[in-house]
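*Asks:* One structure coming up, written as structure tokens, with questions to follow.
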Amino acid sequence: MNDQTFSSPTLQRHFTDYLLWCYLTVIILVACNPEPQSEQKAAPSDGERGFPFNLPKEKPDRALSVAMARNYNNYLAPRPEHNELYSQFKYTELQGLDYNNGDGTISRRDPSKVIFANEKYYVWYTHRETPSPPQGVDQSNDTVPSTDWDLAEIWYATSEDGFTWEEQGVAVLRPPKPNVGWRSVSTTDILVWEGKYYLYYQGFMEASGKRGDDCPVAVSYADSPDGPWTPHNEIVIPNGAEGEWDQYSIHDPYPLVHQGKIYVYYKSDFDGDPRLVRMQGLAIADNPLGPFEKHPLNPVINSGHETTLFPFKSGIAALVSRDGNEHFTVQYAEDGVNFEIASITSLIPIAAGPYIPDAFTNTQNGRGITWGISHITNATTWEQSHSILLRFDCDLSQDVDDPEMKRHSQYYKPDFYYQHGLTQRQRERIMADKK
Ligand code: AAL
């Protein structure tokens, strides 16, 4: 290559292109390299002191293992007791609700959020009162339920103190056939929007269990939490198209107000029984009766069963309960969409409906939660299958500091462990494998 050739305009242009290409490659490589595998600082030299005895409150300026980097980068504080999104959960039996001696003919489950109105607390829930406990889909008919939430209605109760509840009766009845929910209305949650009340719920048009647990979401509205409730009689959040993750079921609709809009989180099921994997999606609307637009990134939470979320600081926090890789975690998303694990805990309330004073205020600084109502399904035996409501307490609040709730060394009595014993089949497998 002589000077003449090198200085030709074409080659000069190629050389400039080459430099640009190198520059872009470096930028892309840097941008694509996600979380460092360990903090990119030189490993401590032989003479350097070990990690300090008093756990530093701020991330120390030294090389860190991946675990220690995560402890500072991913959590609100390096110690659980200072992490506002870490808590234990304590449970209390509710007073005032009768279950026919637990014979399976009365069930209460899937409570809504708790709201405070007219100087008292309100909660809505699935209420089943049938001549027999659920008998499975093959035995079910117009009066015999297939599942615990089949042939159900939405009832409500009020309370002065959150511990003793007075059942007030039905809020949403099953509408006549063929309206959405004619077979069963269940698993409700409440929205308060521009002075009106909206109950979203699962509207079944066949006995649950016929194919799976198929249903879309319906809604009823009222001027007062005591009703009367007017059914909208239309599907408000439809199932996904054929082949989509939520093609059959939209469960546990859970409205909040965020960024001036109605955010309804919901659960759906992948794969179908018995390989069910449950995850959570989000549908957003400007109007409580829709149209709701499903978020293109759905599912937005990869685990959990019933939905439980609340405004926290400028984002949304979620209790992710009993299903999936990330069950028993509390998660947080600044944008209400991209959730990250904020703490790992245990005994998370199932189907929790918390008391959230700022659920509908469009807050930019959500205060968090300290109590609510959850449920326990199959409270006695399968023959008498029914669910009960109970109260949970926690400290996931910016305004409360309860060190007992922040303990992270769990202690359970032997009985609790033995209740989680091996099944007969496991016992046989172990005996058969014995060398
Ligand atoms: C629940 C919820 C929904 C399901 C069933 C009743 O706890 O996820 O409501 O359909 O189980």
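*Asks:* Taking the condition of being within 16 Å of the ligand (Cβ to nearest atom) and out of contact with any strand residue (DSSP E or B) (no Cβ under 7 Å at 6 or more places or on another chain), how many residues in the stretch 249-277 meet it?
*Replies:* Residues in the stretch 249-277 being within 16 Å of the ligand (Cβ to nearest atom) and out of contact with any strand residue (DSSP E or B) (no Cβ under 7 Å at 6 or more places or on another chain): 3 in total.
*Asks:* Has the stretch 374-386 got at least one residue that is more than 16 Å from the ligand (Cβ to nearest atom) and either closer than 27 Å to PHE116 by Cβ or part of a strand (DSSP E or B) (or both)?
*Replies:* Checking the stretch 374-386: not a single residue is more than 16 Å from the ligand (Cβ to nearest atom) and either closer than 27 Å to PHE116 by Cβ or part of a strand (DSSP E or B) (or both).
*Asks:* State which residue is surrounded by the most Cβ atoms within 10 Å (Cβ to Cβ) when the search covers only the stretch 122-167 and only residues that are in a loop (DSSP other than H, G, I, E, B) and among the small types (Gly, Ala, Ser).
*Replies:* Result: ALA152.
To keep it simple, each residue is scored yes or no on (1) more than 18 Å from the chain's Cα centre (by Cα); (2) within 22 Å of TRP371 (Cβ to Cβ); (3) modelled with pLDDT under 95.
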site: GLU242; (1), (2), (3): yes, no, no
site: TYR266; (1), (2), (3): no, no, no
site: ASP271; (1), (2), (3): yes, no, yes
site: ILE301; (1), (2), (3): no, no, no
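*Asks:* Something else about it: Checking the conditions here, which among GLY324, GLY336 is within 16 Å of the ligand (Cβ to nearest atom), more than 20 Å from ARG109 (Cβ to Cβ) and in a loop (DSSP other than H, G, I, E, B)?
*Replies:* Exactly one residue qualifies, and that residue is GLY324.
*Asks:* Given the criterion exposed (fewer than 12 other Cβ atoms within 10 Å of the Cβ), under 29 Å from SER208 (Cα atoms) and either modelled with pLDDT of 95 or more or in contact with a Phe, Trp or Tyr (Cβ under 8 Å, 6 or more places away or on another chain) (or both), identify the matching residue among ASP103, ASP98, ASP110.
*Replies:* After applying the criteria, what remains is ASP98.
*Asks:* Would the stretch 80-92 turn up any residue that is of a type in the set (Lys, Arg), surrounded by 21 or more Cβ atoms within 10 Å (Cβ to Cβ) and either touching a residue at least 24 places away in the same chain (Cβ under 8 Å) or within 16 Å of the ligand (Cβ to nearest atom) (or both)?
*Replies:* No: zero hits.
*Asks:* Within the stretch 219-232, is even one residue under 23 Å from the mean Cα position of the chain (by Cα) and either open to solvent by less than 60 Å² (accessible area, probe 1.4 Å) or without any contact (Cβ under 8 Å) to a residue 40 or more places away in the chain (or both)?
*Replies:* yes
*Asks:* In the set VAL320, VAL277, VAL257, which member is crowded, with 23+ Cβ neighbours inside 10 Å and touching a residue at least 24 places away in the same chain (Cβ under 8 Å)?
*Replies:* Going through VAL320, VAL277, VAL257 in turn, the sole match is VAL320.
*Asks:* Does GLN202 meet the test of being on the phi < 0 side of the Ramachandran plot, part of a strand (DSSP E or B) and more than 16 Å from the ligand (Cβ to nearest atom)?
*Replies:* no
The values are calculated or read from the model by the stated rules, or taken from the named source; none is laboratory data. None of these values were measured; they are calculated from a predicted model. Neighbour counts are summed over all protein chains in view; Cβ atoms, including those assigned to glycine, are modelled from backbone coordinates with ideal geometry. Just so you know, the surface numbers come from the protein's heavy atoms only, side chains and all, with ligands and any DNA or RNA stripped out. Shrake-Rupley method; radii C 1.70, N 1.55, O 1.52, S 1.80 Å.
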